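What follows is calculated from the coordinates using simple rules that are stated; it is not laboratory data. Because the structure is a prediction, the values reported are computed rather than measured. Every residue, glycine among them, receives a Cβ derived from its backbone with ideal geometry; neighbour counts consider all protein chains shown.
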Amino acid sequence: MKQKTIAINLISHNEFGEGTIKIKDKFADDNYLFKLDCLQDWIDLLDLEYRKTWKLYGKELNKLIKKKEVQ
């Protein structure tokens, strides 16, 4: 049986644009190899999301710069 659980929560502090994580006790108690495997998967996925967001942000900035140059 394939089981999924929430192991880590990503928490955004909206007022300051900061982020923290909350590691669930169950995940903290799991074996090291399992945690390393999961952590690497999450790091890769978060890095991909981070790079995609920077790319979108860059496109938005370029639009704003071009719009300002036209004025």
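Amide H of Ile8 versus every other amide H placed in the peptide plane: which residues, excluding those fewer than 5 positions away on the same chain, fall under 5 Å?
Lys24
Starting at the first residue of the range 5-11, write each ³J(HN,Hα) from the Karplus equation 6.51 cos²θ - 1.76 cosθ + 1.60 with θ = phi - 60°, in whole Hz, x for Gly and Pro.
Those phi angles translate into 9, 7, 9, 9, 9, 9, 10 Hz.
For Lys2 and Phe27, compute 0.36 nm times the residue count separating them, minus their Cα-Cα distance, and round to one decimal in nm.
Taking 0.36 nm per residue and subtracting the Cα distance, the gain is 7.4 nm.
As an exercise, identify the chymotrypsin sites (Phe, Trp or Tyr not before Pro) in the range 1-43 lying in DSSP coil whose Cβ has no more than 16 other Cβ atoms within 10 Å.
Answer in residue order: Phe16.
Near Lys66, which lysines are there with a Cα under 22 Å away, not counting those fewer than 8 places off in the same chain?
Filter leaves Lys52, Lys55.
Quick one: what are the phi-derived ³J(HN,Hα) couplings along the range 20-31, Karplus 6.51/-1.76/1.60 with θ = phi - 60°, whole Hz, x for glycine and proline?
Karplus-based 3J(HN,Hα) across the range 20-31 equals 9, 10, 10, 8, 5, 4, 4, 5, 4, 8, 5, 6 Hz.
If you take Kirkwood radius over Cα pairs in Å from the coordinates, which of (i) 17.8; (ii) 15.4; (iii) 14.2 do you get?
After the calculation, the listed value that fits is (ii).
Which FRET efficiency value, to the nearest 0.05, do you get for Asp41 and Asn14 by plugging their Cβ-Cβ distance into 1/(1 + (r/R0)^6) with R0 = 30 Å?
On the way: r = 27 Å, r/R0 = 0.88.
Approximately 0.70, to the nearest 0.05.
For Asp30, which sequence-distant residues (separation of 5 or more, or a different chain) have an amide H within less than 5 Å of its own amide H, given hydrogens modelled in the peptide plane?
Residues meeting the amide H criterion: none.
Under 18 Å Cα to Cα from Lys59, which lysines show up? Leave out anything in the same chain fewer than 8 places away.
Lys67, Lys68
Pick from Ile23, Ile11, Ile43 the residue whose mean-square fluctuation is largest in a GNM of the chain, springs joining Cα atoms under 10 Å.
Judging by the Gaussian network model, the answer is Ile11.
Pick out, from Gln40, Ile21, Trp54, the residue whose Cα sits farthest towards the positive end of the charge dipole of the range 8-70, with +1 on the Cβ of Lys and Arg and -1 on the Cβ of Asp and Glu.
Trp54
What is the magnitude of the charge dipole of the chain about its Cα centre, with +1 placed on the Cβ of each Lys and Arg, -1 on the Cβ of each Asp and Glu, and no other charges, expressed in debye to the nearest 20?
Computed charge dipole of the chain: roughly 520 debye.
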